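Engineer: My structure is below; once you've seen it, I'll send some questions.
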Amino acid sequence: MEKRKLKDNAKTSLVAGLKPKKEKEMPKPEGNNHFYLATIALVVAVCVVPLTAEMSQTDSPHHKHWALKMDEALLTVNNELDTEVLVSWRSERCYQCLYQQLGVVPLRPSPGQPGSVNFPVNTQHEITLQLNSTFFMLELCKVQFHFGEHGNYSLWVKNLNEPSVVNCSVVTDAEPVNSYIPILVAFFIFVGVALVFAIGRRILRLDVVRGLVLRIGGSMETERLINSELGSPRIEVPVTDNILPPPPRPSKRLRSLDTFRGISLVVMVFVNYGGGRYWFFKHESWNGLTVADLVFPWFVFIMGTSIALSINSLLRAGLSRCSLLRKVVWRSMQLFVIGVVIINPNYCQGALSWDTLRIPGVLQRLAWSYLVVASLDLLVARGHLDVLTTDVWWSSGLDILLYWPAWLCVLLLEITWLCLTFLLPVPGCPTGYLGPGGIGDMGLYANCTGGAAGLIDRWLLGENHIYQNPSSRVIYATHIPYDPEGVLGSINSVLMAFLGLQAGKIILHYRDLPTSIMSRFLIWGLFLGIISAVLTKCSTDQGFIPVNKNLWSLSYVTTLACFAFVLLVLVYYAVDVKKWWSGAPFYYPGMNSILVYVGHEVFEDYFPFRWRMANSQSHTDHLMQNLVATSCWVFISYILYRKRIFWKI
């Protein structure tokens with residue numbers, strides 16, 4: 001038979017998908033002695049639960065009875081050709097990926113009656129469907145489409161007037177649900193609560209209201225309530241920082257730093273609990289950024305800022321550098337051990353399994369970054385900045401030039417990262433490979449996930465002691481272990497903490513000049529943003545060094561540090577300069593960050609942080625559960641703050 005030239009008249013659209021992970025069954029509710037937390041859960045439930053109605057489409061006349069999961073739609077492929085059709089798909093978020101088979105649609109059994117097969121397709125991103133003839137293995141057509149959650153669609157494959165022309169078109173049989181409505185409703189609920197507190201604070205400040213309240217209740221108790229954290233913040237004696245102890249004499253503490261830390265921590269807790277199972281609250285599969293990729297580097301950044309302020313205070317208080325170095329080493333060891341324990345949760349069933357013990361982790365990377373940056377600062381920090389002259393030509397660069405040995409060490413570390421990343425030979429892989437492996441790069445480097453970074457981790461730590469389920473498995477279908485908190489990326493986490501240290505130096509050198517502090521923050525943000533633009537060529541995948549959280553690439557650090565400087569300017573201006581905002585509620589978890597982080601990991605599977613959901617395939621139910629769990633930790637941190645309970649190491 002002669003080969004026919006086939007023409008593609010496929011419709012196109014936008015944004016792609018992949019098969020979602022199977023949901024973990026939630027434990028049954030435990031405990032009933034959580035009055036305040038239960039109240040929060042009840043309020044959110046009353047406001048949000050009705051949105052589950054959006055997930056139901058059983059009343060639609062076009063609804064096909066198919067058990068669709070979260071982020072899935074039903075696609076019916078109707079084949080009117082005289083040949084079987086092989087349907088394959090590829091996510092548009094998957095860079096240079098192979099197509100993956102979806103299934104085979106039989107040829108039409110008789111004229112006017114198409115062959116039909118139902119397929120569940122993912123709705124998170126746009127996908128490209130490729131249809132090939134199984135007889136000739138020729139491409140018939142391609143269709144790009146962004147399917148909507150729980151929608152029903154039909155893909156018709158037919159000949160037009162000419163036998164050689166194949167037409168592929170998608171028809172919507174039942175409209176999808178809007179899975180983003182729960183986020184919008186939750187946003188308005190929290191904004192409403194914030195407005196109520198803000199208005200209440202204003203009302204309580206009125207002299208008439210204060211007098212009335214004082215007459216109704218006891219004057220002492222009422223005054224305490226009015227001046228509580230519901231109102232404007234008081235100047236408190238500084239509480240111990242999460243890393244270093246406080247200076248022996250009281251000094252003014254910048255609330256903006258704890259607020260910034262709290263923002264990072266609260267978002268981190270929310271995304272760790274699931275983020276409502278929305279794709280943008282999960283880590284990016286490889287190159288690029290989502291909300292979940294922002295918070296950990298910000299936490300590292302503000303830790304560096306705190307190191308600068310703490311060490312300066314302790315040196316001014318008369319402590320020796322050797323004693324401080326011993327404390328730094330001891331606290332780093334504590335952080336590392338705690339991190340190893342909480343990421344290997346089988347300790348609840350008995351002794352840790354040394355054969356599969358994961359060594360890298362979030363707290364372990366914090367420990368390493370803290371150890372290196374704090375040690376560097378102890379070597380070069382000045383205890384008395386007020387004696388430094390400001391009339392020399394280089395006075396505008398005091399916050400950098402005075403600490404040039406530390407900068408030199410960090411630059412040498414960064415050169416080491418660049419050399420190892422781009423020059424270290426990796427067996428079976430291109431030198432300098434930064435890709436995900438798997439089905440990426442047309443499947444040519446399936447076992448090269450992470451390039452040099454993956455090789456170093458497997459060589460130093462062993463495959464059984466690193467993360468077994470990296471985010472690259474979601475889209476790129478990788479099958480070898482890879483740890484996003486691995487050894488090579490820890491070099492760049494030091495750079496991130498050191499940039500935070502630089503923010504602390506700016507605060508110290510210009511502590512009485514808020515305008516100078518903010519202008520220098522913005523200059524640093526612009527400078528780092530330009531570096532990121534050059535490294536990435538302003539693209540996701542085609543730059544010299546793409547933004548990549550799994551690799552903790554150089555461009556990832558410069559991009560997130562740019563964001564951190566800009567965000568710190570906004571928070572500093574609103575909280576410490578203009579005092580428009582007290583920093584609540586983020587200020588409270590920011591003051592107890594280690595406790596909140598460890599607590600949310602250890603008690604993740606216990607009520608009220610998790611319970612058995614009525615519908616585990618509902619974004620609404622997941623979002624409500626994750627918001628309640630995160631709100632509980634904010635509330636707990638507030639109670640601990642009022643009781644003056646702080647966990648320091």
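Engineer: What are the pairs with Cβ atoms under 7 angstrom where one residue, in segment 546-567, is touching a residue at least 40 places away in the same chain (Cβ under 8 Å) and the other, located anywhere, is open to solvent by 10 Å² or more (accessible area, probe 1.4 Å) and aromatic (Phe, Trp, Tyr)? Sequence gap at least six, or different chains.
Structural biologist: Going by the 7 Å Cβ cut-off, the qualifying pairs are LEU560/TRP298; ALA564/TRP298; PHE565/TRP524.
Engineer: Search segment 618-644 for residues that are without any contact (Cβ under 8 Å) to a residue 24 or more places away in the chain and more than 24 Å from ILE181 (Cα to Cα) and pair each with any residue that is hydroxyl-bearing (Ser, Thr, Tyr) and open to solvent by 20 Å² or more (accessible area, probe 1.4 Å) when their beta-carbon atoms are under 9 Å apart and the residues are at least 6 apart or on different chains.
Structural biologist: Hits for this filter: ILE639/TYR36.
Engineer: (1) of a type in the set (D, E, K, R); (2) in a loop (DSSP other than H, G, I, E, B); (3) touching a Leu at 6+ places or on another chain (Cβ under 9 Å): which one isn't true of GLU485, the others all being true?
Structural biologist: Checking GLU485 against (1) of a type in the set (D, E, K, R); (2) in a loop (DSSP other than H, G, I, E, B); (3) touching a Leu at 6+ places or on another chain (Cβ under 9 Å), the one that fails is (3).
Engineer: Of all residues in segment 332-346, which are at pLDDT 90 or above, surrounded by 16 or more Cβ atoms within 10 Å (Cβ to Cβ) and of a type outside the set (Val, Ile, Thr)?
Structural biologist: Result: SER332, LEU335, PHE336, GLY339.
Engineer: Just wondering, is there one or more residues in segment 620-640 that are part of a loop (DSSP other than H, G, I, E, B) and either open to solvent by less than 10 Å² (accessible area, probe 1.4 Å) or of a type outside the set (Gly, Ala, Ser) (or both)? Walk me through how you get there before you give the answer.
Structural biologist: Taking segment 620-640 and keeping what is part of a loop (DSSP other than H, G, I, E, B), we get none.
The answer is no, given that none of the residues of segment 620-640 is part of a loop (DSSP other than H, G, I, E, B) and either open to solvent by less than 10 Å² (accessible area, probe 1.4 Å) or of a type outside the set (Gly, Ala, Ser) (or both).
Engineer: If we scan segment 306-321, do we find a residue that is in contact with a Phe, Trp or Tyr (Cβ under 9 Å, 6 or more places away or on another chain) and either touching a residue at least 40 places away in the same chain (Cβ under 8 Å) or farther than 19 Å from LEU595 by Cβ (or both)?
Structural biologist: Step one: of segment 306-321, the residues in contact with a Phe, Trp or Tyr (Cβ under 9 Å, 6 or more places away or on another chain) are 307.
From the residues that got through so far, the ones that are either touching a residue at least 40 places away in the same chain (Cβ under 8 Å) or farther than 19 Å from LEU595 by Cβ (or both) too are 307.
Looking through segment 306-321, at least one residue is in contact with a Phe, Trp or Tyr (Cβ under 9 Å, 6 or more places away or on another chain) and either touching a residue at least 40 places away in the same chain (Cβ under 8 Å) or farther than 19 Å from LEU595 by Cβ (or both).
Engineer: Sticking with this one: Which of the residues belonging to segment 155-167 are open to solvent by 60 Å² or more (accessible area, probe 1.4 Å) and under 40 Å from the mean Cα position of the chain (by Cα)?
Structural biologist: Residue satisfying the conditions is TRP156 alone.
Engineer: Filter segment 118-154 down to the residues that are among the β-branched types (Val, Ile, Thr) and in a loop (DSSP other than H, G, I, E, B), then identify the one that is least open to solvent (accessible area, probe 1.4 Å). Before the answer, list the steps.
Structural biologist: Filtering segment 118-154 down to residues among the β-branched types (Val, Ile, Thr) leaves 121, 123, 127-128, 134, 143.
Narrowing further to those that are in a loop (DSSP other than H, G, I, E, B): 123, 134.
Values: THR123: 12, THR134: 46 Å².
Step by step, filter segment 118-154, then rank; the result is THR123.
Engineer: Checking MET137 against (1) over 28 Å from the mean Cα position of the chain (by Cα); (2) at negative phi: exactly one of these is not met. Which one?
Structural biologist: Of the numbered conditions (1) over 28 Å from the mean Cα position of the chain (by Cα); (2) at negative phi, the odd one out for MET137 is (2).
Engineer: Right, here's the next one. Counting only residues that are touching a Leu at 6+ places or on another chain (Cβ under 8 Å) and in a helix (DSSP H, G or I), how many does segment 601-619 have?
Structural biologist: Here is the first cut: in segment 601-619, the ones touching a Leu at 6+ places or on another chain (Cβ under 8 Å) are 608, 617.
Of the ones still in play, those that are also in a helix (DSSP H, G or I) are none.
The total comes to 0.
Engineer: Now for a separate question. Restricting the search to segment 85-108, which residues are within 25 Å of the chain's Cα centre (by Cα) and part of a loop (DSSP other than H, G, I, E, B)?
Structural biologist: GLU92, ARG93, CYS94, TYR95, GLN96, CYS97
Engineer: Given the conditions (1) over 20 Å from the mean Cα position of the chain (by Cα); (2) closer than 23 Å to TRP279 by Cβ; (3) open to solvent by less than 20 Å² (accessible area, probe 1.4 Å), and given that PRO470 satisfies all but one, which numbered condition is not satisfied?
Structural biologist: Status for PRO470: all satisfied but (1).
Engineer: With the structure loaded, tell me whether LEU522 is modelled with pLDDT of 95 or more, part of a helix (DSSP H, G or I) and surrounded by fewer than 23 Cβ atoms within 10 Å (Cβ to Cβ) or whether it fails that test.
Structural biologist: Working: modelled with pLDDT of 95 or more: yes; part of a helix (DSSP H, G or I): yes; surrounded by fewer than 23 Cβ atoms within 10 Å (Cβ to Cβ): yes.
So LEU522 passes the test.
Engineer: Take MET70 and decide whether it is touching a helix residue (DSSP H, G or I) at 6+ places or on another chain (Cβ under 9 Å) and aliphatic (A, V, I, L, M). Please lay out each step first, then the result.
Structural biologist: Numbers: touching a helix residue (DSSP H, G or I) at 6+ places or on another chain (Cβ under 9 Å): yes; aliphatic (A, V, I, L, M): yes.
Spelling it out, MET70 is indeed touching a helix residue (DSSP H, G or I) at 6+ places or on another chain (Cβ under 9 Å) and aliphatic (A, V, I, L, M).
Engineer: Across segment 486-513, what is the total count of residues that are open to solvent by less than 20 Å² (accessible area, probe 1.4 Å) and among the charged types (D, E, K, R)?
Structural biologist: Residues meeting the conditions: 1.
Engineer: Another question, then. If I filter segment 217-238 for residues that are modelled with pLDDT of 90 or more and surrounded by 17 or more Cβ atoms within 10 Å (Cβ to Cβ), do I get at least one hit? Spell out the reasoning first.
Structural biologist: Taking segment 217-238 and keeping what is modelled with pLDDT of 90 or more, we get none.
Among the residues of segment 217-238, not one is modelled with pLDDT of 90 or more and surrounded by 17 or more Cβ atoms within 10 Å (Cβ to Cβ), which makes the answer no.
Engineer: Among the listed residues TYR597, TYR572, which satisfies the condition of being modelled with pLDDT of 95 or more, assigned to a helix (DSSP H, G or I) and out of contact with any Phe, Trp or Tyr (no Cβ under 6 Å at 6 or more places or on another chain)?
Structural biologist: Criteria check complete, one pass: TYR572.
Engineer: Have a look at PRO114, PRO109 and point out the one that is open to solvent by 50 Å² or more (accessible area, probe 1.4 Å) and either modelled with pLDDT under 90 or out of contact with any strand residue (DSSP E or B) (no Cβ under 7 Å at 6 or more places or on another chain) (or both).
Structural biologist: Details: PRO114 fails: open to solvent by 50 Å² or more (accessible area, probe 1.4 Å).
That would be PRO109, the only listed residue that is open to solvent by 50 Å² or more (accessible area, probe 1.4 Å) and either modelled with pLDDT under 90 or out of contact with any strand residue (DSSP E or B) (no Cβ under 7 Å at 6 or more places or on another chain) (or both).
Engineer: From LYS578, LYS537, grab the single residue that is on the phi > 0 side of the Ramachandran plot and surrounded by fewer than 23 Cβ atoms within 10 Å (Cβ to Cβ). Talk me through it step by step, then tell me what you get.
Structural biologist: On the way: LYS578 fails: on the phi > 0 side of the Ramachandran plot.
Answer to the check: LYS537.
The values are calculated or read from the model by the stated rules, or taken from the named source; none is laboratory data. A quick note: this is a predicted structure, and the numbers were derived from the prediction, not measured. Please note: Cβ atoms are built from the backbone with ideal geometry, for glycine as well, and neighbour counts cover all protein chains shown. Accessible surface is based on the protein model in full, side chains and every heavy atom, while ligands, DNA and RNA are left aside. Shrake-Rupley method; radii C 1.70, N 1.55, O 1.52, S 1.80 Å.
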